[in-house]
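The values are calculated or read from the model by the stated rules, or taken from the named source; none is laboratory data. Source: prediction; values computed, not measured. Glycine also receives a Cβ, built like all others from the backbone with ideal geometry; neighbour counts cover every protein chain displayed.
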Amino acid sequence: MSDESLTAGERKRLYALLIVAAPVTNQQLRERTGLSLEGAARQRLNDLKLVESHKPGRSFVHELTDKGWAWCKQEMAAPLPERDPGGKIFQALLNTLDRFIAHSRTPVEKIFQPLSEAAPPVPAGEVIDVDARVRAAYGELTLGPEAWVGLARLRRHLSDVVQADLDAALHRLNRAQEISLVADADQRRLTPEDRAAAIRIGGEDRHLLKVEGA
């Protein structure tokens, strides 16, 4: 996607959602970044599949899609703008971040995380309560009870947990009816990451999780 295809305001709002790195209402987005996503800008970014917006209550909730994350990653390496002096320093900072990511091999998703998401490293030899980590992650990734979270996001959030241990915890919690795991009803929108993150139960791939009684 070329620079010219998005306005400066639309680009700023994509970066704002990247910084927050979680589903947010307009009020929450303003509190963190000073921006909101409304009207024509919201509709355009929704139409371009860069942002997903839904309205569970009175307020819209916005989140970068996988395509939106990919756009932000790509734009970090973009050349400096020729006619925007103010934008040059911002893009130069993004270029520096892009070089750091390439040099350190740190995924962008590990740099941009919700405020409560970055967990301290676990000391060597310490036992991790994976069941508790799953419950805590659910609370951090959703806006409230009865919400569904994709397993792809959960796995990114718990990237320090060994996959086999996380799978075992999901099976264990599901058997105890402490969580619900369901297949995404719209299979067409599943990304390769969504499919890879799925867990198979009863001969069916499950992509979404909800903690019961959360």
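Restricting attention to region 167-208, the residues being within 25 Å of residue 68 (Cβ to Cβ) and not β-branched (Val, Ile, Thr) number 19. Here is the figure for region 49-93: residues that are among the hydrophobic types (A, V, I, L, M, F, W, C) and surrounded by fewer than 16 Cβ atoms within 10 Å (Cβ to Cβ) total 8. Hey, does region 26-37 have a residue that's touching a Leu at 6+ places or on another chain (Cβ under 7 Å) and among the basic types (Lys, Arg)? No, region 26-37 has no match at all. Checked against the criteria, residue 149 does not count as surrounded by 13 or more Cβ atoms within 10 Å (Cβ to Cβ), free of Cβ contacts under 8 Å to residues at least 40 places away in the same chain and within 20 Å of the chain's Cα centre (by Cα). Just one of the listed residues (126, 117) is modelled with pLDDT under 90, surrounded by 15 or more Cβ atoms within 10 Å (Cβ to Cβ) and assigned to a loop (DSSP other than H, G, I, E, B), and it is 117.
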